[in-house]
Each structure stands twice: as C-alpha cells, then as structure tokens.
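Following: one structure in structure tokens, then a few remarks.
Just so you know, all these numbers are worked out from the coordinates, no wet-lab data involved. From a predicted model like this one, the values you see are computed outputs, not experimental measurements. All Cβ positions, even for glycine, are placed from backbone atoms using ideal geometry, and neighbour counts span all protein chains on display.
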Protein chains: 2
Amino acid sequence: MVTTGALERLRETNRRAITGLLAGEGPMSRADLARGTGLSRTTISSLVTDLIGTGDVVETADRGRPHKGGSGRPPHLVALSTPLGAVAGVDIGHGHLRVAVADRSGRVLAEDTDSLDVDEHGVDALDRAARMVRAGLAAAGVERADLRAVGMCVPAPLDRRSARIRTGIMPGWRHLSPGDELHRRLDVPVFADNDANLGALAELSHGAARGIADVLYVKVASGLGAGIVLGGRLHRGATGIAGEIGHVQVGEDGQVCRCGNRGCLETEASAPRLLAVLQPAYDEQLSVRSVLALDAAGDAGVRRVLSDAGRSVGRALADLCNSLNPEAIVLGGSLGTSPSLATGVRAAVDRYAQPDTAAAVRVVAGELGARAEVLGAVSLAIARVAAS
Amino acid sequence: MVTTGALERLRETNRRAITGLLAGEGPMSRADLARGTGLSRTTISSLVTDLIGTGDVVETADRGRPHKGGSGRPPHLVALSTPLGAVAGVDIGHGHLRVAVADRSGRVLAEDTDSLDVDEHGVDALDRAARMVRAGLAAAGVERADLRAVGMCVPAPLDRRSARIRTGIMPGWRHLSPGDELHRRLDVPVFADNDANLGALAELSHGAARGIADVLYVKVASGLGAGIVLGGRLHRGATGIAGEIGHVQVGEDGQVCRCGNRGCLETEASAPRLLAVLQPAYDEQLSVRSVLALDAAGDAGVRRVLSDAGRSVGRALADLCNSLNPEAIVLGGSLGTSPSLATGVRAAVDRYAQPDTAAAVRVVAGELGARAEVLGAVSLAIARVAAS
DNA sequence: GTTGTTTGTTCACTTCCCGGATGAATCGGC
DNA sequence: GCCGATTCATCCGGGAAGTGAACAAACAAC
C-alpha cells in the first residue's frame, strides 16, 4: 500500500475510534457508532466494511431492538471479532482464598470464597485457587480461552524484579513467586500486588475513594499497610515497595517488633495485637467480628482499645499527611469499618498534623469490606490488559 | 465555515504541528517543516499560506542559509508572529533577592543577586524585585513586551486558593500575596511556589535529580521543607501544601516549636538552631558559610552537630521512604552540601527505614547550590507558559 | 556562463469524509 | 392486511485534504 501519510493515519485513527468504542461499550449498531464517534453514518459504514474485510469486527447474528423499543428498522449490530473476554481476581488472605471473575468493564460475573489454612503449603493453595478460577469461569459462562489475565492479591511485599515473596506471610510461601505459579496453572498473564495497593485500587475505582486524586488507603487487619494514591494513580515507588507504614515508630518504647525496632505501628495496631490485649477481659473467645460487634454495641473497653489503635495509626498518618497533603484517608481491612478506629485516627491527625493539612483531609471507612482486595485484583488485571 | 468534521480537525492538527515545531525550534524554512512534520512540502506550503493569512505566522525578512552552507536556493524562513519571548525567575530568600531572566528553553540570559533586609517591608522588596527583573531584561537584550511569565520563589507555604502567605517568613510579608503584587508591577502572569518545591523542580530539570522519577528533595536552611517528586512530577497535594516536613516530631522531648508541638524537626536541624548550638564553643561569629568551612576542614564539633542534624532529618525521611520508596534523596539549601549532614541522613535512613527501602535510595547533595530556587522559578514559569 | 542544488509553488490525482437521496425493515394504527 | 412513521444502512455526487511530479526561482561552485 502506498503510504498516503496523513490521510492514511486519519483513517487509521477513525478505525481505532470504532474498535475502541466497541471495546468500551460492547456490540452496537453502525448508527450508534456514528453518534458515538461524531463521524457521519456514511463514513462509519465505509470504515466498518473495511474492518469486516480485515476480520477485526463481525456482524452479529441477532439484531438489536430499534432504538429503545420505538419503531424503525432494527439495526445490524457489529462487534469486535475477538471478544474482550474476562479477567479474574484472586485474593490470598491470611485465612481465606477469594476469587472473582469479571468482564472487562469490571462487572463481577462470579465470586467465591474459601478458607485457607495457615499451615497449607503455598503450592497447594495455588492449586486450589486455580481450580476456583476455572469453576468461576464455568459459573459465569465464560470460555476458558476468553480469560485474558488474572490479578492477584498477596498479603506481603513483593520484590518487583523477581516477583517473589520476600518475607512475612505464612511459612509455606517464602521465596515462592505466586504470580509465576498461578501463571503456570492457568496459562494467562498474572499480575500480583500486595493487599494494601489492591485495596486502594478497588476503593479508588469502585469505593470510597472514587474520583479523589490524592488518597491514603490504610489496611488495618492482620498486618498494616498503606496504598498511596497520588494524582489518581497508585504510587508503587522506585522498587515497588512503597506503602510500608507498618514499621513507622509510634510508641516511645513499645514492644519489640519482628523488624528489630521498638514501637512499630504494626505492634500497636494490628488485629492480632488488639485481640491479645482485649482477650483477658472477656470470657468468650474474641474474634475480629465479635470485637466489631462489641464496638458497635458500645462496649467501653473495646472502644478504648480501638480508638487507641486508631490514634497510633493516625499518628503515623499525620506525618504522611504533612508530607503529601492528601484529600482523604480511607480505612480498609477487617477493622477499617470500626467507628472507634476512625475516631482515633481523626483525633491523632488533628493533633499531630499541621492545622491546614488536617483540615484538608477527610477520614472515611472503606466501602468494599472484605471484597476490596479481590475487586482490586480485578481492577489491576483490567488495567494491565488495557495497557497492553 | 461549514464544519467538515474529521477533515477539518485533521487540518487543524497539522496546523498545530507546524506552530508547535516553530515554537520548539524557532524560525525555519518550509522545507524544514516538511522534514520535521513528515508532511509533504506541498501540504506545508498550503498550511503555511493559511497560517500567514490568519496572522499566526510571518515570513521573516532575512533568508536563511541553504541547508548548512551547501549550495541551493536559500529558503524563506517562517516564524511564529508572536515570538516565544522570555521568562524570569524571582527568588525571595530570608536574606537575599535573586533574579534570573531566561529564554523559553531554560537558558539563563541574565542573573543578579541582592541582599534583603529582614526588616524590609514586603512591598518595598517586591518593588526592588520588579526593578531587578526589568534590569535583567535590559541586560539580556529582551524587550519588555517579550516577557511571558515570572516564576517566583517564596520561603513560606502559600495558600493555593488565595495565593497569600499564611505564616512564617518575615513580619512585613504576612497576608501579602506576592504573586499578585509582582503581577501588578510587571503586568505578566506570576506563578509562585515555595522554596522546597522550586528547588526540587530545579534539581529535577537541571541538577542532581535529572531523569529520576521518585525523589525527595529536602531543603535544609533557615527552615526545613521538602519538595516531593513522584513519577517525574512535583507533588503538591490536595490544597498545595504538601512537603511540610518541618514539623514531624523527631526528638522525644525536644524544644517547644512555634507550632506548639515539641521536638519538631525544624527545631532540631534548621540553620539558626545549629548556629546557636555551635556558637558558644567558638570565638568568632559563626555563619553558615564558616560552619561549612569548618566541616570541610574536619572540625570535630561541627561534624558532630551537622551529623546529628542529618540524623534528625534522616529519621523523618526514613518514615517517608518507607511510605514512598523513592530512588533518591537530594539535599539542598545552604547546608545541603555538607558531607557530614549527608552522612547523618544516610545513617538514619539505614537505621530506621526498611532494609529494602534503604537499599533502594541514594543520598546525594544538590548540584545547584544557592541558584536552585531561582532556576526552579524559571522552570516553573516555562512549564506554566507551555501549558497555557 | 553553465551546472548543480535546494526551495517553494502549481497541477493533476488519490484518499477520505460528508450531506442528501434511496432502499430496507419493522412498529403502530386503521 | 395495508399504510404511514421511523430508524437503519447504503449509494452517489461533491468538497476538502494530502501527495508526487514537474517547474520556476535563487544562489554557490566551477
């Protein structure tokens, strides 16, 4: 083909507008495409004929309803010949395994949760995760070949280069590369990230942080981590380990932490630590769930402990707020919904951050609860597939 | 004109390609434009005729040399009818006033410094700054009408909405809007930002942080502030007051700070504080300059104090590194070049940040010294003019 | 003066897009 | 069941944009 330069590029641009619209909104009529792109019906017709010729789009068998039930000739719908397919999200938690299958607009088609034994070896858990993904595909009616990518949540920092788990987490997982392992089982690209980052991504796209440019998402659960959203994008740092706020020193002389320092945030405010502090005062066996119930019921002891934990978290976030001046702090993780925790965070931020900075930041609970990580994994998979 | 939609847009795009090229590389021939845009000479000729008709570009009087001194018909050069002009940077420090005039590629054409009396009223200082800008334009041979914008460095946090100085700084400046004031005197857009942000911008575009995506720039001088570069862009925060690290608490029970807290970084590591600590042990009147000389000469006391100050700064930066995982820490400000300070920062980062995070971050001195702020102001002006 | 090179323009031609006219397909009302 | 209304898709003529080839212009080198 003789390169006609600019005109050729123009045509190519318009072709991309069509395929882009079809990718974003699914099958539609030529008339809809004309309205959507602003091009004339004639041009669309010509372009679509081209695209059908090259095999990029196909005319679907079923015809659509004419313009919302009104009268008129029914349109011939056209669609991308390679369907957009689906993505899956896999959330590996300290005690659970959660899988979601979604279409590429983020709509969840199937979702399932299972428990995870701490002693279970990583390899076995990943076998199970792969089976759950396949079951999810079947439940959603998605062909196995239409799975485009998998997002994966790992509750530990990942080395960006080797994609291996560095430390922390359960013993049977160390030095494993969960992404590679799952990739081997499902034969599609697998993108892994840690729980705090994916929680932030989920709240950013579907939850409490929707539309906010600068957000600190803090996951308070078994561990403590932050997902930092700046300028509407997740900040991962130079080597991908940004957001490690668990080892900021907040207690003057607190417990010795596994990192070797003293008074780390993680020793002051993680769920196991809070349960350990509270347990002696209660007869029944406490769990995160029962503690949250007690908090909601107004139990003074629980409120005090959660609020203190919030203060510790807020103490660390206050410094970060001074540096980053965010618009919101979103509290996630199993304890994120506790009003007492939020109260403590708010109090500490007001106390320790600069007044202007504190005034600019809202403190809110996450909206996605335990589903945050798996939804974030789905978002990650969609984002990476779209970028490729 | 009947809107022909896509074709009209195509023509517009190509017009912009021409004006963009002329803006970026100065006057050039139609043949050069054809080579630069990839369009044919015919099209360029047509477009340029259009642009001359609308008055957007003009044909220059002098004809250029034919293709690097070779033979051939000399081209008619065309140029934007509104020349690119120049920008100015104004740096208002605690004791100095510095002005630079630069062309829009950032090349400095004229530069001048003057001292600033702490007691001088802001209005008088701004009068002086405006005179220095005019003198700089004259020295650079730039018409007054060709000044496009002024970037301005203010050593205090600015309220993003009102552009007024909130607090700090000299008494005669409070509640003043330096940007508006200078705008009134020079009648061009004035963009103001604080010293830490502009120092970061300067080191990012011309100095030690060139090409690095995630950088913490710390200015250690009369006050203490950080300019945070993430993803290659300066992060200003939701209300524009990001980077306030001066009031992170680092001393367990240090001095009471003007902010009301105790042990703020600013009370531990600012230049006045260090001079006050050192002065009793020395006979001569100490200054920042003499302290730096003593440091370079190996004076144990000075080294100790500077290194301790560095440790305090590093203590605060370590937490920030854990959160942001930057690639480099650039030390700026009058004390930024001290090796002892850098040693202290390095030690504290290694001590308090997570090992992986600490390993990923380099600690380096800024390369621009006292010129950083004014060069950053120039960069700011250029960036803002280009964006409009 | 001639030759060679580069520039800028003119001309014929192709590609692309648009508006209006035309035919197709369906719904609702009689 | 027939007919107008309505929407969809295509065909056709025309305009707009871009391109290569050809050509005159302007200058350097010989």
Check your understanding: Counting pairs of alpha carbon atoms under 8 Å apart in space and at least six apart in sequence, what relative contact order in percent does the range B:6-80 give?
Key -> 33 percent
Point to revise | Peptide B:353-360 - average C-beta neighbours from other chains (10 Å radius) | key: 5
Check your understanding: With charges only on Cβ, +1 for K and R and -1 for D and E, what is the dipole size of the range B:86-195 about its Cα centre, in debye, rounded to 20?
Key -> 380 debye
**Study point:** Approximate spin-label separation B:S45-A:R107, in nm, with each point projected 7 Å along Cα-to-Cβ
**Key:** 5.6 nm
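Within 10 Å of each Cβ of B:223-230, how many other protein chain Cβ atoms are there on average? It would help to have the intermediate numbers written out before the result.
Details: counts 0, 0, 0, 2, 0, 4, 0, 8.
Mean shielding by partner chains, rounded to a whole number: 2.
Per-residue ellipticity at 222 nm for chain A, helices alone: DSSP H runs ≥ 4 residues times -39500 (n - 2.57), over residue total, nearest 500 deg cm²/dmol? Write out the running numbers ahead of the final one.
Values: 13 runs with 166 residues, N = 388.
Result for chain A, helices only: -13500 deg cm²/dmol.
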Study note, to complete from the structure: Placing each pseudo-label 7 Å from Cα in the direction of the beta carbon, A:R210 and A:R9 end up separated by a distance in nanometres of 3.8 nm
Point to revise | Dimensions in Å of the range A:86-196 - Rg and Dmax from alpha carbons | key: 13.1, 38
Point to revise | Cα-derived Rg to Rh of the range A:6-80, Kirkwood definition | key: 0.97
Practice item. Ignore the peptide's own chain and count Cβ atoms of other chains within 10 Å of each Cβ in B:231-241; give me the average, rounded. Key: 6
Point to revise | Cα centroid separation, the range A:186-252 to the range B:225-265 (Å) | key: 22 Å
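What do you get for Rg/Rh over the protein assembly as shown if you use C-alpha atoms and the Kirkwood form of Rh? Could the numbers behind the result be given before it?
Values: Rg = 30.4 Å, Rh = 29.8 Å.
Computed over Cα atoms, the ratio is 1.02.
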Revision key, fill the gap. Distance in Å, no decimals, from the C-alpha centre of the range A:1-61 to the one of the range B:340-366 is 54 Å
Point to revise | Positive-end residue, the range B:268-388 charge dipole about Cα centroid, Cβ charges, pick of B:S388, B:P339, B:A372 | key: B:S388
Point to revise | Copy-to-copy label separations for B:G301, where each label sits 7 Å from Cα toward Cβ, in nm and ascending | key: 5.7
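What does the convex hull of the Cα atoms of chain A come to per residue, in Å³, rounded to a whole number? Mind dumping the intermediate values first?
Details: hull volume 75.8 nm³, N = 388.
Roughly 195 Å³ of hull volume per residue.
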Revision key, fill the gap. Shortest first and in nm, the label-point separations between A:S290 and its counterparts in the other identical copies (7 Å out along Cα→Cβ) come to 7.0
Check your understanding: So what's the gap between the Cα centers of the range B:283-331 and the range B:367-388, to the nearest angstrom?
Key -> 26 Å
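Under DSSP H, which helices of chain B have Cα atoms covering 18 Å or more of the helix axis and a Kyte-Doolittle average no less than 1.0?
B:372-387
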Check your understanding: With each label point set 7 Å from Cα along the Cα-Cβ vector, what nm distance links B:D350 and B:Q255?
Key -> 3.0 nm
